[in-house]
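Shown next, in structure tokens, is the structure this report addresses.
The values are calculated or read from the model by the stated rules, or taken from the named source; none is laboratory data. The structure displayed is predicted, hence computed values, not measured ones. Heads up, the Cβs are rebuilt from the backbone with ideal geometry, glycines too, and the neighbour counts pull from every protein chain shown. Heavy atoms of the whole protein, side chains included, go into the accessibility calculation; ligands, DNA and RNA do not. Shrake-Rupley method; radii C 1.70, N 1.55, O 1.52, S 1.80 Å.
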Amino acid sequence: MREDAPASLSEKPLLAVLKGDHPAAPTGGPPMWLMRQAGRYLPEYRALRADKGGFLELVYDSTAAAEVTLQPLRRFGFDGAILFSDILIVPYAMGQDLWFEAGEGPRLAPVIADTDLSALTPDFTRFDAIYDTVRQVKAALDPSVTFLGFAGSPWTIATYMVAGQGSKDHALARRMAYNEPDRFAALIDAIVDATVIYLSGQIDAGVDAVQLFDSWAGSLSPLQFRRWVIEPNQRIVAHLKAIHPAIPVIGFPKGAGAKLADYAAQTGVDAVGVDETIDPHWANAALPAGMPVQGNLDPLALIAGGAAVEEAVDMIRAAFADRPHIFNLGHGILPDTPIAHVEALISYVRREGVRS
């Protein structure tokens, strides 16, 4: 642990879960946070983003990004804070042009599809503003809150780098992986190296744990999943553990389905995120004994609210009752989620935790 870590893990219940303990949060129930908890469903976020004029401008204004990171903590009192940034900061620092189209999302100049990887000139000073955000958040956080950094996993980052934008089936990256495996492997290797630098820098700046988001892992066949998801994430985890052995790593391969068990057993991650399509009872039986899990409420159930949420919460809590569990969504919170439904979810999880 870093020297500024708490004397007792009980002071940070979410961090304690990531290290394999099984505490309740001080408010009752499992520790909880929500993926994309700092975002468009919050009016205070929308106001700040409008003031900054664009997403990338907001990310690179460290004071504003720190404020966005802290907003959901003030409103909801979550047990975890997630750094406000974007997974495409890594290809941007690798030298690929990045911008955001209003109403369309991120765009990258798709140089990988047309040019050799050597055309990219890395500029890792593009990480510096993110590290400054981490330092500002760390200074402002309550000591009981676990601070999570993150990065995109290599496969997911590669899909954007090859296509220049998000895509439905990631066909360009998949074709390149099949047709030019050596060239694609070189791209993956470069992403692995940049990701280790990025996450290590976040840890040095003050995060308590990190999460690897493989948002598009579900688009791969089993053999390709092993090569482009399990193996690169395994290397990232091994490098991070060599530098920061006490810092937990959460792996989140969305859409992995039955391949989640191999991912959990073979990548070396300390905890695994479970998406909303996975039966939590299956996950509890299939995942390594004692491995902490995170998830997995359907974000659409949260929009529906009421009985839909309570029934799902009850099933998730029952499934993971005998293993360390962080309550979360199965993916990011959606922009049209009513704030009252988030408040009701928090109240229900914590109230039921006290009763049990």
Only unsatisfied item for THR337, checking (1) open to solvent by 20 Å² or more (accessible area, probe 1.4 Å); (2) of a type outside the set (D, E, K, R); (3) more than 16 Å from the chain's Cα centre (by Cα), is (1)
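Taking THR63, is it polar (S, T, N, Q), open to solvent by 30 Å² or more (accessible area, probe 1.4 Å) and modelled with pLDDT under 95?
Spelling it out, it is not the case that THR63 is polar (S, T, N, Q), open to solvent by 30 Å² or more (accessible area, probe 1.4 Å) and modelled with pLDDT under 95.
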Cβ pairs under 7 Å, 6+ apart, first in region 134-153 and over 12 Å from VAL210 (Cα atoms), second outside any helix (DSSP H, G or I) and of a type in the set (Lys, Arg): SER144/LYS12
Quick one: in region 115-141, which of the residues that are more than 21 Å from the chain's Cα centre (by Cα) and of a type in the set (D, E, K, R) is least open to solvent (accessible area, probe 1.4 Å)? ASP123
Which numbered condition in (1) closer than 16 Å to GLY273 by Cβ; (2) not in a loop (DSSP other than H, G, I, E, B) is the only one that ARG183 fails? (1)
Take region 77-131 and flag every residue that is polar (S, T, N, Q) and either at pLDDT below 80 or assigned to a helix (DSSP H, G or I) (or both). THR115, SER118, THR125
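Return a yes/no flag: does region 54-64 have any residue that is part of a helix (DSSP H, G or I), within 21 Å of GLY152 (Cα to Cα), more than 17 Å from the chain's Cα centre (by Cα) and of a type in the set (Phe, Trp, Tyr).
Our first condition is that a residue be part of a helix (DSSP H, G or I); within region 54-64, this holds for 55-59, 62-64.
So of that shortlist, the ones also within 21 Å of GLY152 (Cα to Cα) come out as 55-59, 62.
Imposing the further condition that a residue be more than 17 Å from the chain's Cα centre (by Cα) reduces the set to 55-58, 62.
Among the residues that remain, those that are also of a type in the set (Phe, Trp, Tyr) are: 55.
Yes.
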Inside region 30-44, the number of residues satisfying the requirement of being over 19 Å from ASP142 (Cβ atoms) and surrounded by fewer than 20 Cβ atoms within 10 Å (Cβ to Cβ) is 3
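The rows are residues; the columns are (1) over 30 Å from GLU104 (Cβ atoms); (2) open to solvent by less than 10 Å² (accessible area, probe 1.4 Å).
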| site | (1), (2) |
| --- | --- |
| LYS168 | no, no |
| ALA185 | yes, no |
| VAL196 | yes, no |
| ALA205 | yes, no |
| GLN211 | no, yes |
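Of the residues ALA312, ALA285, ALA307, only one is open to solvent by 20 Å² or more (accessible area, probe 1.4 Å), of a type in the set (A, V, I, L, M, F, W, C) and in contact with a strand residue (DSSP E or B) (Cβ under 6 Å, 6 or more places away or on another chain); which? Walk me through it before giving the result.
Values: ALA285 fails: in contact with a strand residue (DSSP E or B) (Cβ under 6 Å, 6 or more places away or on another chain); ALA307 fails: in contact with a strand residue (DSSP E or B) (Cβ under 6 Å, 6 or more places away or on another chain).
Selected residue: ALA312, the only one of ALA312, ALA285, ALA307 that is open to solvent by 20 Å² or more (accessible area, probe 1.4 Å), of a type in the set (A, V, I, L, M, F, W, C) and in contact with a strand residue (DSSP E or B) (Cβ under 6 Å, 6 or more places away or on another chain).
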May I ask you to list pairs of residues, at least six apart or on different chains, whose Cβ atoms are under 8 Å apart, with the first in region 168-184 being under 10 Å from TRP155 (Cβ atoms) and free of Cβ contacts under 8 Å to residues at least 60 places away in the same chain and the second being of a type in the set (Phe, Trp, Tyr) and open to solvent by 10 Å² or more (accessible area, probe 1.4 Å)? HIS170/TRP216
